[in-house]
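Computed from the coordinates by the stated procedures, all read-outs in this text should not be read as laboratory data. These numbers come from a predicted model, not from an experiment. Because the Cβ atoms are built from the backbone with ideal geometry, glycine has one as well, and the counts that use them run over all protein chains shown.
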Amino acid sequence: MGCKMTKRRKQKVKEKHSLIRNHPNDDQEQLPINMEGITLIWCDTNIDLDTDDDNEDIHHTMELLKESNDFILFFSNEKKCTDYIKSIENEKLFLITSGKCAIHLLPLIHQHKQIDSIYLFCLKQKPYEYLLKDYSKIIGIYTQQQELIDSIRKNVYIVEKHMATFTFYDKTKQNSIRDLFNEPASFLWLLLFKDVITRIPNDNQAKQELVEKCLEYYHGNQSQIKFIEEFKQTYKPEDAIKWYTKPAFVYKLINKALRTEDIEQLYIFRYFISDLCENLKKEYQIIKENFDIITVYHGGRLRDDELEKLKNHKNQPISTNGFFSTSLSKETAFLFAARFSDIPDEDEVLFEIGATFEVLAINHDETLNMWIVKLKTTDKGSKIANDYIETNRKEMNESSSKIMFGKLLSEVGKYDKSQEYFENLLANPKDEDIAEIYSCIGTTKRLKGEYDDALKDYQRTYTMIINTRPERSKDLLRLLNNMGKVYMEKDQQNEALDYYLRALKVRTDALGPEYFDRDIAILLNNIGLIYYYKGDWNKSLEYHFESVNMKQKCFPNNHKEWCASYHNIALVYQAKCEYNTALEYMDKALKIEEQYYLPDSERRSLTYTTIGNILNDQGEYEKALEYQLKSLNITEKLFPLGHPSLAFSLNNTADVYEKMHNLNIALEYYERALIMYKQFLPKEHLDIVRTEEDIILLKEKRKLQQQHD
């Protein structure tokens with residue numbers, strides 16, 4: 001890991017007037033997206049937004065507040081304000097309201113975990129002082145505008161600087177400290193992202209793209225535009241640490257993107273993040289050469305549930321998903337924790353992305369009335385990450401770093417973004433491999449269920465490859481394998497097998513029958529799957545176990561490529577009615593997936609539905625339904641506009657409901673599945689035929705049940 005000590009001086013904020021980008025608005029559907037980590041909400045029912053005088057005052061105040069935080073929303077309706085607050089998961093919220101509104105509003109929203117700070121702004125302070133005893137998140141009661149703005153400015157700085165540290169992993173994927181044993185997938189993803197972007201060559205185009213995107217986002221915010229223009233004119237790679245520690249757009253946008261794992265936003269900042277990581281690595285070596293041990297401090301506020309999670313992780317590794325800010329000064333850390341009025345000098349020590357720590361002790365200091373959490377740096381939990389990244393680097397040697405980033409987008413389920421990225425790369429390829437770009441576009445379309453379009457892109461790639469000299473045998477093998485996958489998804493098994501066997505012939509003719517690598521192992525796995533679909537269980541297992549033997553030569557133990565083999569072997573044993581053996585293989589697959597794949601990935605969804613199907617065959621209907629609903633929940637998030645995978649999940653869920661004699665619910669799911677299958681698959685596809693048959697049989701069964709009742 002890397003870290004850097006810096007000395008930060010207190011910043012003064014000059015008053016400037018600017019246009020308001022975030023207009024006062026009670027219509028949530030029209031609200032813009034917040035790319036920073038904090039939302040300022042002003043709620044006051046006494047102000048009429050249609051009155052020019054009120055509008056002028058609001059805009060003037062918001063202009064001043066935008067000096068500290070760009071994203072500001074105004075509500076004149078308490079219910080709409082409350083609904084908005086309860087809908088937010090990925091930001092900290094600062095609420096400004098009048099004393100009168102607070103009486104009704106605070107009981108409804110004070111306990112919401114995203115509410116960080118509350119400010120009461122009113123003409124008289126005394127009538128509302130009693131609220132301070134009941135609501136701990138109230139920072140103060142203010143009667144003067146400048147006092148309010150100064151308080152918010154200081155608090156925004158403190159919260160933004162430290163909020164990335166203690167936000168735990170949850171279903172929204174906003175995670176800043178995560179248990180490496182229970183949620184290593186996100187940790188691994190972050191390290192892989194860093195490894196890829198640090199290999200992408202930096203150029204003026206990347207810098208220009210960063211500047212343009214930031215100018216677009218901060219349009220009308222003169223204080224941030226001034227920083228952006230300064231960055232454009234003066235930034236040098238060796239200045240990355242200095243720029244990150246400025247109270248400016250850089251750390252505001254990067255911290256939010258890291259916390260929410262917004263890969264598109266992070267790519268925009270690849271130019272800067274790469275420089276920052278390199279600078280921290282150099283500084284870490286300097287510190288390592290001059291100090292045996294250094295003690296640093298970090299101050300912040302924790303919710304009760306966050307504190308409990310830390311207690312439960314004693315002696316276990318945890319990791320940050322951002323750049324972790326600490327201080328050499330214990331007094332500075334206490335000031336941050338207590339949020340005293342002045343922003344202190346920090347004596348900052350900055351740790352790199354993915355820094356890993358072990359929780360040593362958690363004790364309460366009665367004198368200070370603070371919890372003291374002791375951590376130490378550790379390399380525990382990093383072996384899996386290092387093994388995977390090393391394998392990824394070997395693959396990267398065959399693809400450029402820019403192409404690897406597009407593949408990473410696809411791997412985390414960002415299929416549309418991956419396709420858009422590759423299409424943009426195609427428009428300005430420079431030295432990139434055009435054939436590989438078309439192949440990658442075809443793969444994103446295949447993963448989206450756009451099979452015919454995928455084949456067109458694969459065919460373009462095929463034409464380019466066969467006309468290239470010297471021959472690109474490995475690329476041709478990989479392409480034929482991908483084309484076979486499309487036909488397999490289209491339920492055209494004979495065509496799929498033909499492409500797979502053509503790929504094997506390329507291996508024999510050009511590479512030699514003894515040649516092995518990851519692509520051959522994957523190809524053998526796919527051939528095994530074809531024979532599974534054809535009902536030849538023994539031949540299917542023969543190819544799957546041959547694939548496993550080759551993977552043992554190509555991949556470290558428990559690499560993610562093992563998942564497909566274990567999964568498909570389980571399918572064969574399920575078909576042979578050897579359910580316990582099938583579940584054993586699915587358990588192996590799931591344990592590996594938990595290390596490599598995010599909880600809401602398509603791979604995890606497929607595993608859940610397969611386990612559900614096996615349990616369904618065993619007659620364990622309650623357990624089967626649990627797994628099918630977990631799968632369905634994921635696929636609905638991944639494919640809100642529909643996809644064959646979502647139809648597949650709906651169909652499997654319907655089957656369980658039918659077995660449980662919930663026929664009306666089963667029919668509803670079957671019909672939803674059929675509509676979706678028809679949307680994506682050719683009308684003669686077996687999945688459509690089978691689902692139509694299931695619906696006919698179910699209606700007959702329901703009719704008999706109604707007659708019996």
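Give the peptides 318-329, 302-313 in descending order of average Cβ contacts within 10 Å, highest first.
Numbers: 318-329: 24.2, 302-313: 14.2.
Descending mean neighbour count gives 318-329, 302-313.
Past 24 Å, Cα to Cα, is the threshold; run 66/417; 252/288; 86/374; 252/281; 485/560 against it and keep the listed order. Don't skip to the end; give the middle numbers.
Numbers: 66/417 31 Å; 252/288 29 Å; 86/374 33 Å; 252/281 22 Å; 485/560 19 Å.
Listed pairs above 24 Å: 66/417; 252/288; 86/374.
List the lysines whose Cα sits under 19 Å from the Cα of residue 126, skipping any in the same chain fewer than 8 residues away.
In chain and number order, the partners are 100, 137.
Which entries in 213/256; 154/376; 194/630 show an alpha-carbon gap greater than 24 Å?
Values: 213/256 15 Å; 154/376 29 Å; 194/630 31 Å.
In this structure, 154/376; 194/630 lie more than 24 Å apart at Cα.
Using alpha carbons only, how many angstrom separate the centre of the stretch 493-510 from the centre of the stretch 605-635?
Centre-to-centre (Cα) distance: 34 Å.
At q = 0.20 Å⁻¹, what is the log10 ratio I(q)/I(0) for the stretch 603-709, with the Debye formula run over Cα points and no solvent?
Reported log10 I(q)/I(0), two decimals: -1.01.
Using θ = phi - 60° and the Karplus form 6.51 cos²θ - 1.76 cosθ + 1.60, what ³J(HN,Hα) does each residue of the stretch 609-617 get, whole Hz, x for Gly and Pro?
Each residue of the stretch 609-617 in turn: 5, 5, 4, x, 5, 5, 5, 4, 5 Hz.
With r as the distance between the Cβ atoms of residue 307 and residue 549 and R0 = 60 Å, compute the FRET efficiency 1/(1 + (r/R0)^6) and round to 0.05.
Values: r = 49 Å, r/R0 = 0.82.
So, using R0 = 60 Å, E works out to roughly 0.75.
Per-residue counts of other Cβ atoms within 10 Å, averaged by peptide: what ranking do you get for 364-374, 487-497, highest first? The partial results should precede the final answer.
On the way: 364-374: 11.3, 487-497: 17.6.
Taking the mean over residues of other Cβ atoms within 10 Å, the ranking is 487-497, 364-374.
Within the stretch 406-444, find all residues whose amide N lies under 11 Å from a label point positioned 7 Å from the Cα of residue 638 along Cα-to-beta-carbon.
Hits in the stretch 406-444 for residue 638 at 11 Å: 411-415.
Which of the peptides 245-257, 227-239, 526-538 is most tightly packed, and how do the rest follow, going by the mean number of other Cβ atoms within 10 Å of each residue?
Values: 245-257: 21.5, 227-239: 14.2, 526-538: 18.5.
So the order, starting with the most tightly packed, is 245-257, 526-538, 227-239.
Chymotrypsin sites (Phe, Trp or Tyr not before Pro), restricted to the stretch 570-637: which are DSSP loop and have at most 14 other Cβ atoms within 10 Å? Kindly include the intermediate steps, with their values, before the conclusion.
Numbers: sites: 573, 579, 585, 596, 597, 608, 621, 627; in loops: 597.
Sites meeting the loop and neighbour criteria: none at all.
Would you please give the residues with an amide H less than 5 Å from that of residue 370, counting only those at least 5 places away or on a separate chain, with H modeled from the backbone geometry?
Under 5 Å from the amide H of residue 370 lie the amide H atoms of 365, each far enough along the sequence or on another chain.
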